[in-house]
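Comments concern the structure below.
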Amino acid sequence: MATKRLWRWRGIDVQGAPCQGMLWQTKRLEVLQHLQQQRVIPLAVRRCAVKQSLWHPRYSCETIRQLATLLQAGLPLAEGLSLLAQQQSHAQWQALLEALGRELAQGVAFSAALAQWPQAFPPLYLAMISTGELTGKLDICCLQLANQQQEQQRLASKVKKALRYPLIVLSLALLVVLGMLYFVLPEFTAIYQTFSTPLPLFDADGRCGRRHAKSRLAAAAGLAAEPAAAQPADPAAQRLVAAPPAVA
């Protein structure tokens with residue numbers, strides 16, 4: 001099936017009044033044919049960018065919920081779609097609902113019409129709508145579908161919020177570890193080299209990844225003074241302390 005594209009058109013109707021709108025079609029020629037059928041003289045037809053953010057599940061869930069309300073109020077499916085299209089604030093969705101209405105007018109089943117829009121209606125929608133068509137309870141199936149999708153979105157939002165704090169803590173811990181590897185441990189390497197002391201295994205294995213560290217910590221100056229303070233005392237004093245007391 002050819003991919004449908006979003007087109008914005010501008011023209012003049014039979015009464016000479018300017019009109020404009022948006023239309024989902026695969027080719028520009030199909031847009032011109034549709035306008036001719038509507039007795040509209042086209043002045044400009046150009047493609048529009050599709051906003052992927054408008055395919056978020058909350059939009060399709062809200063549309064199905066509103067459709068269920070209209071069906072329960074006794075409106076036919078085609079009239080319900082037309083009313084939803086007129087009240088739609090997003091031109092992209094308005095054009096989609098109008099396209100669904102045209103499919104229904106041609107005798108296409110509602111589930112089959114939705115199947116042409118997988119980016120907006122996932123397979124679960126098709127299965128529930130098809131069940132509603134077979135059982136004659138399309139309004140109930142639409143309402144149950146909207147409730148299930150809303151609950152799923154609420155659960156997904158709670159999971160994201162629960163994972164947000166551990167991810168932040170893990171990111172900060174990773175930054176601290178990287179800072180230690182690239183800025184602190186090279187100072188220890190310089191100190192051990194100054195006193196000709198063999199490097200510990202954890203430091204010697206990581207020298208290659210820390211050779212080009214650019215910044216140095218001020219705490220390294222204090223660390224450098226510790227080995228000097230740990231030097232052995234004067235040998236004469238050590239012998240005096242270690243000698244046993246004289247026996248009278």
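What do you reckon, is Trp24 farther than 30 Å from Asn147 by Cβ, in contact (Cβ under 8 Å) with a residue 12 or more places away in the chain and either in the same structural domain as Ala127 (by TED's automatic domain parsing) or buried (at least 17 other Cβ atoms within 10 Å of the Cβ) (or both)? No.
Quick test for you: out of Leu134, Leu138, Leu145, Leu163, pick the one residue that is hydrophobic (A, V, I, L, M, F, W, C), in contact (Cβ under 8 Å) with a residue 40 or more places away in the chain and over 15 Å from Tyr59 (Cα atoms). Give the steps one after another, and end with the answer.
Values: Leu134 fails: in contact (Cβ under 8 Å) with a residue 40 or more places away in the chain; Leu145 fails: over 15 Å from Tyr59 (Cα atoms); Leu163 fails: in contact (Cβ under 8 Å) with a residue 40 or more places away in the chain.
Being hydrophobic (A, V, I, L, M, F, W, C), in contact (Cβ under 8 Å) with a residue 40 or more places away in the chain and over 15 Å from Tyr59 (Cα atoms) holds for just one of Leu134, Leu138, Leu145, Leu163, which is Leu138.
Among the candidates Arg46, Arg102, Arg39, Arg65, the residue that is part of a helix (DSSP H, G or I), more than 19 Å from Ile140 (Cα to Cα) and among the basic types (Lys, Arg) is uniquely Arg102. Residues of the range 42-81 that are in contact with an Asp or Glu (Cβ under 8 Å, 6 or more places away or on another chain) and not hydrophobic (A, V, I, L, M, F, W, C): Gln72 alone. Scanning the range 119-141 for residues that are outside any loop (DSSP other than H, G, I, E, B), over 14 Å from Ala109 (Cα atoms) and under 28 Å from the mean Cα position of the chain (by Cα) yields Pro123, Leu124. The set of residues in the range 105-125 being surrounded by fewer than 18 Cβ atoms within 10 Å (Cβ to Cβ) and under 15 Å from Cys142 (Cβ atoms) consists of Ala109, Pro122, Leu124.
Taking the criterion of being without any contact (Cβ under 8 Å) to a residue 40 or more places away in the chain and either surrounded by fewer than 16 Cβ atoms within 10 Å (Cβ to Cβ) or not in a helix (DSSP H, G or I) (or both), the residues of the range 70-81 that qualify are Ala73, Gly74, Leu75, Pro76, Ala78, Glu79.
The values are calculated or read from the model by the stated rules, or taken from the named source; none is laboratory data. Remember, it's a predicted structure, so these values are computed and weren't measured experimentally. Cβ sites come from the backbone with ideal geometry, for glycine too, and all protein chains shown count toward neighbours.
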